[in-house]
There are 2 protein chains.
Amino acid sequence: MERLLQTIKIAINEKIYLKDPESSDLGKRIIEHSILMIDDMGFESFTFKKLGIKIGSNESSIYRYFENKHKLLVYLTSWYWGWLEYQLVFATNSISDPKEKLTQAINIVTRTIVEDNAYSHINEVLLNKIVINESSKSFLTKEVDEENKDGYFVIYKRMVTRLEEMINAVNAKYIYPSSLASSILEGSLHQHFLKDHFQTLTNCDEENTPSKFMLDLVFKTIDQ
Amino acid sequence: MERLLQTIKIAINEKIYLKDPESSDLGKRIIEHSILMIDDMGFESFTFKKLGIKIGSNESSIYRYFENKHKLLVYLTSWYWGWLEYQLVFATNSISDPKEKLTQAINIVTRTIVEDNAYSHINEVLLNKIVINESSKSFLTKEVDEENKDGYFVIYKRMVTRLEEMINAVNAKYIYPSSLASSILEGSLHQHFLKDHFQTLTNCDEENTPSKFMLDLVFKTIDQ
DNA sequence: AATTCATAAAAGTAATACTATTATATTTGC
DNA sequence: GCAAATATAATAGTATTACTTTTATGAATT
């Protein structure tokens with residue numbers, strides 16, 4: 001993406017980490033290799049001990065950055081949504097026609113991520129895969145209400161609100177704008193998952209992308 | 001529900017368990033109390049050791065029924081979908097008008113579950129809560145393809161196919177019937193979750209139910 | 001040169017997720 | 001009615017996880 005992004009830091013709620021991983025070389029290596037390892041072995045098998053061995057550091061040093069692996073997952077997904085939000089705003093800001101704006105927004109948030117080298121230590125393609133496969137686990141917990149109160153999910157919620165406002169701008173009479181907005185995000189992640197693992201449960205593939213499915217669904221729903 | 005259900009056993013793929021929990025009193029207590037405990041403490045905190053203590057049995061005895069707690073979760077969700085499938089077929093079988101049939105189907109699969117005493121040891125209300133809060137964890141794993149090949153998710157897939165066929169019967173020209181069908185199931189679980197934890201991300205509540213949202217979405221999408 | 005700070009190393013703890021072995025109680029088949 | 005088979009319970013043990021604590025070391029700062 002734009003060079004501009006290289007100078008912009010995605011602001012993550014400070015409660016999620018103990019020490020900002022962007023503030024040191026070790027912190028960046030934690031982020032870089034946790035993405036590679038979670039993608040490779042899945043969140044359940046991933047441990048701080050294994051990560052420590054991989055980055056030639058000690059388990060206890062990683063614990064100075066994140067209380068536990070759940071918080072690391074919350075951090076990674078927050079970063080992803082922050083990164084995507086930036087692209088959403090950047091790409092839609094100058095569009096005045098509400099339909100065109102919403103179309104572009106849906107394209108951005110539902111597309112398959114391709115290489116982006118704005119942040120050298122973060123592989124956005126793999127991070128997108130992690131969001132598809134693991135991010136539900138960040139909020140499907142008994143602690144969700146408490147963590148929500150502490151602002152762990154603000155960026156995600158802001159994304160939904162942005163989409164909701166764009167839906168409203170197209171059709172102010174539609175009575176489920178936030179349900180539709182949240183469905184665009186979760187639904188497209190789910191269709192991406194299905195196309196990789198349950199092809200019989202989706203019509204989405206390389207040609208009929210989740211983006212096309214969602215655009216068709218959204219505009220038929222609100223545009224009448 | 002109907003008494004009929006009391007005599008019908010929901011058939012679960014035998015690979016999911018080591019010994020059929022329906023075949024013994026201990027097995028039924030395992031199912032009964034695992035539902036109560038997973039609802040109460042969440043899947044992460046739930047262990048076979050704690051379950052053993054609760055039912056006055058031993059951890060090792062539970063391991064003779066299920067290899068691990070993941071398989072127990074797959075069993076519980078499969079049972080739920082089998083139970084819901086039965087209600088879906090029962091309630092829509094005699095309807096000939098395609099639109100009315102699909103309407104009824106969506107109502108059944110998206111509604112809030114209320115008490116049902118057909119199976120004395122299974123609390124369907126709590127099981128529905130578990131499906132909302134935990135069932136994604138049954139397929140968001142590194143083993144999903146292997147388990148899918150072994151038929152762990154057949155009942156769920158059959159449900160999606162049934163909905164897909166009903167969508168086709170209303171509009172054979174719609175090109176995303178299975179994506180829409182899978183979105184009805186996952187999307188409604190997600191809206192139920194949001195209404196309990198993230199009210200700002202949904203318009204659904206007791207009045208504007210997920211069923212109404214889904215009916216509106218589906219018919220606007222395919223009915224034109 | 002002294003202090004502080006970040007990281008590393010090592011050791012320890014409680015719990016988890018099992019497995020294995022043996023004992024006991026119950027059921028069933030002849 | 002008894003032996004054999006089966007189910008369950010009890011006990012103990014293992015490797016790993018998810019941490020915490022303490023101490024050491026080196027690097028940067030004052």
**Asked** When A:VAL170 is evaluated against the numbered criteria (1) more than 13 Å from the chain's Cα centre (by Cα); (2) within 9 Å of another protein chain (Cβ to nearest Cβ), which criterion, by number, is the only one it fails?
**Response** (2)
**Request:** State whether the residues of the range A:128-142 include one that is of a type in the set (Val, Ile, Thr), touching a residue at least 40 places away in the same chain (Cβ under 8 Å) and facing chain B (nearest Cβ under 7 Å).
**Result:** yes
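Scan the range A:25-49 for residues that are within 11 Å of DNA strand D (Cβ to nearest atom) and exposed (fewer than 15 other Cβ atoms within 10 Å of the Cβ) and jot them down. Spell out how you get there, then give the answer.
At the first step, the residues of the range A:25-49 found to be within 11 Å of DNA strand D (Cβ to nearest atom) are A:25, A:41, A:43-49.
Once the filter is applied, which keeps residues that are within 11 Å of DNA strand D (Cβ to nearest atom) and exposed (fewer than 15 other Cβ atoms within 10 Å of the Cβ), the range A:25-49 yields A:ASP25, A:MET41, A:SER45, A:THR47, A:LYS49.
Could you tell me which of the residues B:PHE219, B:PHE193, B:PHE213 is in contact with a Lys or Arg (Cβ under 9 Å, 6 or more places away or on another chain) and aromatic (Phe, Trp, Tyr)? Working first, answer last.
Values: B:PHE193 fails: in contact with a Lys or Arg (Cβ under 9 Å, 6 or more places away or on another chain); B:PHE213 fails: in contact with a Lys or Arg (Cβ under 9 Å, 6 or more places away or on another chain).
None of the others qualify; the one that does is B:PHE219.
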**Complete:** Picked from the range A:50-70 (must be without any contact (Cβ under 8 Å) to a residue 60 or more places away in the chain and within 14 Å of chain B (Cβ to nearest Cβ)), the residue nearest to DNA strand D (Cβ to nearest atom) is A:ASN68
**Asked** touching a residue at least 40 places away in the same chain (Cβ under 8 Å) and part of a loop (DSSP other than H, G, I, E, B): does that describe B:THR221?
**Response** no
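Please find, within the range A:173-219, the residue that is nearest to the other protein chains (Cβ to nearest Cβ) out of those that are of a type in the set (Val, Ile, Thr) and buried (at least 19 other Cβ atoms within 10 Å of the Cβ).
Step one: filter the range A:173-219 for residues of a type in the set (Val, Ile, Thr), giving A:175, A:184, A:200, A:202, A:209, A:218.
Now restrict to residues that are buried (at least 19 other Cβ atoms within 10 Å of the Cβ): A:184, A:202, A:209, A:218.
Details: A:ILE184: 10, A:THR202: 5, A:THR209: 11, A:VAL218: 9 Å.
Once the filter is applied, the top-ranked residue is A:THR202.
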**Request:** Would you mind stating whether B:GLY56 is over 15 Å from B:SER135 (Cα atoms) and surrounded by 15 or more Cβ atoms within 10 Å (Cβ to Cβ)?
**Result:** no
**Fill in**
If we take the range A:32-144, then helices (runs of 4 or more DSSP H) inside it with 3 or more residues that are over 21 Å from A:VAL160 (Cβ atoms) and within 16 Å of DNA strand C (Cβ to nearest atom) are A:48-54, A:59-62, A:69-92
**For B:ILE113: the one exception among (1) surrounded by fewer than 17 Cβ atoms within 10 Å (Cβ to Cβ); (2) without any contact (Cβ under 8 Å) to a residue 40 or more places away in the chain** = (1)
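Computed from the coordinates by the stated procedures, all read-outs in this text should not be read as laboratory data. Quantities reported herein were computed from a predicted structural model and do not represent experimental measurements. Neighbour counts are summed over all protein chains in view; Cβ atoms, including those assigned to glycine, are modelled from backbone coordinates with ideal geometry.
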